[in-house]
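Everything below concerns the one structure shown next.
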Amino acid sequence: MDHHPLLAHKITGDGSPIVLVHGFPLDARMWEPQIAALSRRHQVLTLDLASFGQTQTATPPTHLEDHAFDIAHLLDHLHLDRVTLVGLSMGGYVALCFAERYAHRLSSLVLANTKATPDTPEAKHKRDEHVALVEQKGVSALAKALLPNLLSKAAPEKLREQVVSIMSAQPVEATTRALEAMRDRRDTTHVLHDLTVPLLLIGSEGDTLMPPEITKAMKQAQPDAELVIIAGAGHLSNLEAPDAFNRAIGAFVDASAH
Ligand code: MLT
């Protein structure tokens, strides 16, 4: 892969920096409701992970750690010393890799709809099936297959279309390599144990991919963490329940600053 590509990014607002790391197979556009709300009082940095969205790379990353290096490189480039890092789902896997290596760059950490444990054998098998699906039928076929697990049944049609459209726009290779990187990811539970900065864990009641029990189990590894379970939202809680999601992060960042 390119050595530390400069990730495509956008900065909105002023104040303490909050960096938002997107899920799979998505890009920074999934954070629109957060940019609008959180940038009123904070500097919000959104980015496209390497080979997703507007970040083009010759070869997509093959390890989630590569994405963590890229984020550190971007923070260096922007002269941002310490940030609140927010990762949702795959973004959470990346945020945990970042916290493992760059704990000193964190003022606090938010992990939403994600987990620290690795894929089970069944989940690894599903990843391989998804790689084959993308190679044979394209990313839009994967987008359709994933959608029922990303949004709850109550999600509006417009939101479904928006999520499918962002997913379908991602390059084939970015998608297949990310599936393999997620399949091969390590257990990062020790990162939760070792964390010394404030941690907010967000889950949602209707998340079938990362049910609330998984979010609650993460709190066992870091009992000081704050835990918020959002009612009536599926996996992409930031899009299905943006007000609750933004409130949780806003209150957490304010409290962490004291
Ligand atoms: C995501 O939303 O980023 C993915 O569903 C995570 C995963 O497949 O493990």
Only one of 116, 154 is in contact (Cβ under 8 Å) with a residue 60 or more places away in the chain, open to solvent by 70 Å² or more (accessible area, probe 1.4 Å) and out of contact with any Pro (no Cβ under 9 Å at 6 or more places or on another chain), namely 154
The one condition residue 39 fails out of (1) free of Cβ contacts under 8 Å to residues at least 60 places away in the same chain; (2) closer than 20 Å to residue 5 by Cα; (3) open to solvent by less than 30 Å² (accessible area, probe 1.4 Å); (4) away from the ligand (no atom under 16 Å from the Cβ) is (2)
Matching residues, the range 175-194, being open to solvent by less than 20 Å² (accessible area, probe 1.4 Å) and more than 16 Å from the ligand (Cβ to nearest atom)
191, 192
Going through (1) in contact with a Gly (Cβ under 8 Å, 6 or more places away or on another chain); (2) more than 16 Å from the ligand (Cβ to nearest atom) one by one, residue 10 fails only at (1)
Quick test for you: out of 73, 104, 77, pick the one residue that is more than 15 Å from residue 7 (Cα to Cα), of a type outside the set (Val, Ile, Thr) and away from the ligand (no atom under 15 Å from the Cβ).
104
Conditions (1) at pLDDT below 95; (2) of a type outside the set (Lys, Arg); (3) within 16 Å of the ligand (Cβ to nearest atom); number of the one not met by residue 1:
(3)
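The values are calculated or read from the model by the stated rules, or taken from the named source; none is laboratory data. Everything numeric here is computed off the predicted structure, so don't read it as measured data. Positions of Cβ are generated from backbone atoms using ideal geometry, with glycine treated the same way; all protein chains shown enter the neighbour counts. Calculation scope for accessible area: heavy atoms of the full protein, side chains included, ligands and nucleic acids excluded. Shrake-Rupley method; radii C 1.70, N 1.55, O 1.52, S 1.80 Å.
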